[in-house]
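Undergrad: I'd like to ask you about the structure that follows.
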Amino acid sequence: MPREQWTALAQRVERLLNGQQDLIPLDLDLEWESTAQRYAALVIRAKARQNQADGSAAPDYQAIKANALIE
């Protein structure tokens, strides 16, 4: 990967980890998108293994209906 793409790759991985959608396209070439997704998946798996080793509880995700919050 060209060095000039490193910052954009790091930003894209961070956004994937945080679940953020890109409002403004990054300067990351499309060919590196799969690399960003792979790195984000590796980080997520490493964190999950670390939580298991530490005895930390896994995140508890719940589905909610957005309309129910307004009522």
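Undergrad: Regarding region 30-37, can at least one residue be identified that is within 10 Å of the chain's Cα centre (by Cα) and open to solvent by 60 Å² or more (accessible area, probe 1.4 Å)? So that I can check it myself, show each step before the final result.
TA: Pass one, region 30-37, residues within 10 Å of the chain's Cα centre (by Cα): 36-37.
Filter again for open to solvent by 60 Å² or more (accessible area, probe 1.4 Å), leaving 37.
Yes, the conditions are met somewhere in region 30-37.
Undergrad: Could I ask something else about it? With (1) open to solvent by 90 Å² or more (accessible area, probe 1.4 Å); (2) under 11 Å from the mean Cα position of the chain (by Cα); (3) modelled with pLDDT under 90 as the list, and GLY19 as the residue in question, which single condition is left unmet?
TA: Evaluating GLY19 over (1) open to solvent by 90 Å² or more (accessible area, probe 1.4 Å); (2) under 11 Å from the mean Cα position of the chain (by Cα); (3) modelled with pLDDT under 90 leaves (1) as the failure.
Undergrad: Turning to a different aspect of this structure: Determine the pairs where a residue that is without any contact (Cβ under 8 Å) to a residue 40 or more places away in the chain and closer than 21 Å to ARG45 by Cβ, located within region 1-21, has a partner that is open to solvent by 90 Å² or more (accessible area, probe 1.4 Å) and hydrophobic (A, V, I, L, M, F, W, C) with Cβ atoms under 8 Å apart, the partner being 6 or more residues away or on another chain.
TA: Listed pairs, sorted by first residue: LEU17/ILE44.
Undergrad: Sticking with this structure for a sec: Starting from region 29-58, take each residue that is within 28 Å of MET1 (Cα to Cα) and list its partners that are surrounded by fewer than 13 Cβ atoms within 10 Å (Cβ to Cβ), counting only C-beta distances under 8 angstrom and pairs at least six apart or across chains.
TA: TRP32/MET1; THR35/MET1; ALA48/ALA58
The values are calculated or read from the model by the stated rules, or taken from the named source; none is laboratory data. None of these values were measured; they are calculated from a predicted model. So basically every Cβ, Gly included, is an ideal-geometry build from the backbone, and we count neighbours across all protein chains shown. Just so you know, the surface numbers come from the protein's heavy atoms only, side chains and all, with ligands and any DNA or RNA stripped out. Shrake-Rupley method; radii C 1.70, N 1.55, O 1.52, S 1.80 Å.
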